[in-house]
Structure formats: structure tokens, C-alpha cells
Amino acid sequence: MKPIESLLDTLAARGMRVHSLLVHRHGELVHDLWQWPHEPSLRHKLHSATKSFTATAVGFAEAEGLLELEDPVAGFFPGSDLDARMRVRDLLTMRTGHARGLSGATTRLRKTGWAGEFLEEPVVDRPGRGFRYSSTTSHVLSAIVQEVAGEPVDEYLRPRLFEPLGATDYTWERDPAGVSSGGNGLSLRPRDLLSFGVLYLQDGVWEGRRVLPAGWVRKASGLHVRKAVSGEWNGTELVPPGPDAVADSGYGYQFWVGENGVYSASGLFGQECMVFPDHGGVVVVTGAMPDPTYHDLPSMLRSAFREAFSSDEVESLAQWVTRAREPEPLESVVDSPLSLRAFDFEADEQGVRSLSVEVDAGVVRLGIEDDRGTHKIEHGLGEWMRQRTGVSVWRLHHSYQEDAAPILAGARWAGPGVLDLTWHFLEGPFIDRLTLRFEGDDVVLEHRVNCNSGPTELPPARGTARA
């Protein structure tokens, strides 16, 4: 079996869902593959691949004389207790002297500016020494660029990076202080992520025009940290790896870098933009890969595409494409009609206060009142319905919460009095599955998700029929 086909089969066998696979080689797009229900027009959450865009903003700011990589970080935060020896370069290479790494899963829940979490974290080692992966470190880089440029990173990069690449459809989350999330929070179309990788492959030149500052690609993709391991997430922090932990790559300026020169922008749950300088190639993957399997994706990509790029033949992946476009089936096993029913819930860990269910003409209408308001979702009974929702999902979505996320919603009767509801979030990795078990005057609501940095299932909640 050929390397890419073998890779895709292995990923499927391990439950590592691929949403898109884009491959650029020698100036051409040789693969442009998509898995239902994701499609080229949709954005996708990049998670920590955002960090590489934040670093790019630092590169522009340096070239424009707004900052230097040897500037003390404390100088940008007057009144802080930061170690005076910590430099901007130490943030780029994740060598801040902190004892632990912090994640957007907890930082995103703060009601004040997220840089504060970094400033509160004790520095226990000399900056510039040990590697400690942390999303708040990247966020502080975003805050620094905003300080010197006078505008958030998403706006700063628009004329310098996004517009030259033709990337116009993107969103970038901001913290309560208005700072673009430096460590995660950027969503854009996978094809625009590919353009970002091709720009780096071409040493910062796009369509004959220099876009990135001269010399920046070499610095950003350099092997500044020879062995780098992110650590394991325990729900509150990234636990430092043990002394015998195996590192399969190093670290540059917010890029993961291999000994062989391959480097990548990498994000949680299988978001990758990998550059193969020696082969003239770039590979982009977006997906939904649960913890811990997504940690294996970079090495799998490096191995498969080094082999694939060593051949001049372009693999045919027609069989995978056929399978990938097939919608998930929604076949009910019973016919269980249900008129409108409403239920009230006591305080529960799902945050649900009330729920209404109505089945009419092949549509299941769900009304949920939760800790963020009231939400209406229509599900096709046996088919999929597209819409937007702001229903509370942050508990199972790595603390991400949107006001109007696009979803496909479908329903099926799994048994007498058992209704399964599925929400495919179209611009991210999450697939939420709800089960409603009707038990006399009560309903039991179960809620689980395909991937999360924390629990993937919430405790069941019981509602009582409204009189």
C-alpha cells in the first residue's frame, strides 16, 4: 500500500478523524481532500497552530523596529514582578523559567485579561534554559505586539499577512482586555492555512513579492530547542515530562522543528501545517483526534510524506474520497412519535435549566434553557439540518464557546423512548451526542463529545415534566 493511503487507513483505524488533507508539492496543489460534513468554504479552529501566526506578528514588529528579540519582557508590563532576565526571545522559544505550562482550557475562563495568568505564575528557573510549553506564553507575545503596534494582532496582520495571501475569511478570539488570543483562537479556511505554509516554504515570498521580513523564516524555523516535549494535561496545567521522556522534535519560534528540518504549526486534536523544505512540500491536516492519539499525528505525517515526496508519482486516493463524502447514517430502529413535552431541571453539572422536545413532520425541535440563555435547535429525523447555535458546550469544548456556531443537527430513535441527537460543529473538531431517555414523567439527559482536553462526558441530568 502506498504511504498516504496507508496513513489515512491507519488514522481511521485509530479513530483519528481527518476533516481535510491538503498537499502542496513543487508549486502545485496535488491533494485537496475533505471529509463530510466539512468543506472548503468553512473555517476551522486551528487551536495551538495559532501560535505560529503570533510569532509571525513578532517577526513583522521586529523588522519594523517596534521591538527587539532581546528586549526584557518586564519592560512591556510596568509594575509587574517579572524576572528582569526574561527576554522576548525566551517567550518565542517557550523558555520562560516557569515550572508548569498553562492552557487556554483554563485561561479562557478568566474574566480579566489573560496575560495576568502569565504574570502571576512564579519564575522558578533562569529564563532561557528549560523548555516549558504554555499557551499563556504565546498570549503574552500577542499582548506585546499589541502594545508596540497599537492594535490587536489580528488587525496588525491583516495588511501584512492575510491580505497578501488572499485570506479574508477568518476570526480571531480576543480576551476580555481586547488582546487577540496568542496561543489559540484563530479560525480560518484550511486552504488559507496551506497558503501560510507555502509562504514559509518559499522563504516569505508570495507570487514574486516579499511578504515576510527577509531572514525571518530561517530564524523562526531554526532548531532553538533541540528536545521539546509539551507535557501531559491534567485538567489544570501541563505537567512537566519526566527526565526520560522521548522528544521526537525540537522547537523554534512557536514552530515545532524536527532534526531533519521539517517544521510545523501544530494544534490540539489534529490541526497541522507541516513544511518539508527539502522536498518542496507542505501538508495541512485539520481533524478531530482525541487525546492522546493526536500527539502521534506529527510523526506519522513526517514519516508518510517523506516517503511520498521521495516519489514523483502522485497517489490516487479516490477510494478514500468516496468513503469520506458519505454522510453519517441516521436510521431509527423504532417509530416512537412524541408530542410536545417540557421538563424542568434542578441545578446540574450540564447547566441545563429546562428542556422542551417536539417531534413534528420528521423534525425534532429541541429547546434548551441553560446558563447562557434559551436556544432552539431543529434536528432532521433521519436527515441533517444546518443552522447556527450558541448552546452551552464550553464544558466539553476545551472551554471554547461561540454565540453562533454553525452545526449540522440530526436525530434518530435508538429504542423505545430513547432519542439520540447529534451536533456536528462544522468549524471545529467537536461532535456532540445527546441522548434523551424518557422515563414516565421524567427525562434523563446525557451529553458526551468526541474529543476534549478534559472529560468527554458530563454527568446525566434528570428533568421532571412540567405540569
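We did not get these values from a lab; they are worked out from the coordinates using the rules stated. None of the values given here were measured: they were computed from a predicted structure. Here the Cβ is made from the backbone with ideal geometry for all residues, glycine too, and neighbour counts use every protein chain on show.
Some values worked out for this structure:
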item: Part-to-part distance (alpha-carbon centres) for the stretch 100-166 and the stretch 15-69, which is given in Å; result: 18
item: Kirkwood-Stokes translational diffusion coefficient of the stretch 341-465, alpha-carbon pairs, 37 °C, 0.692 mPa s, µm²/s; result: 227
item: Theoretical FRET efficiency, 1/(1+(r/R0)^6), r = Cβ-Cβ of Asp32 and Lys376, R0 30 Å, to 0.05; result: 0.25
item: The stretch 17-30 - phi-based ³J(HN,Hα) in whole Hz, Karplus 6.51/-1.76/1.60, Gly and Pro as x; result: 6, 9, 8, 8, 9, 10, 10, 10, 8, 6, x, 10, 7, 9
item: Helix-only [θ]222 nm of the chain, DSSP H runs n ≥ 4, -39500 (n - 2.57) each, per residue, nearest 500; result: -6000 deg cm²/dmol
item: Cross-link pairs Lys51/Lys376; Lys111/Lys376; Lys2/Lys227 - those with Cα-Cα distance over 29 Å; result: Lys51/Lys376; Lys2/Lys227
item: Förster-model FRET efficiency, 41 Å R0, Arg386 and Ala247, C-beta, rounded to 0.05; result: 0.45
item: Globularity index of the chain, i.e. its alpha-carbon radius of gyration over 2.2 N^0.38 Å; result: 1.02
item: Rounded to whole Hz, the Karplus (6.51, -1.76, 1.60) HN-Hα couplings of the stretch 438-447, x for glycine and proline; result: 8, 10, x, 8, 10, 10, 10, 9, 10, 9
item: Long-range HN-HN contacts of Val30 with modeled amide H, under 5 Å; result: Val23, His24, Arg25
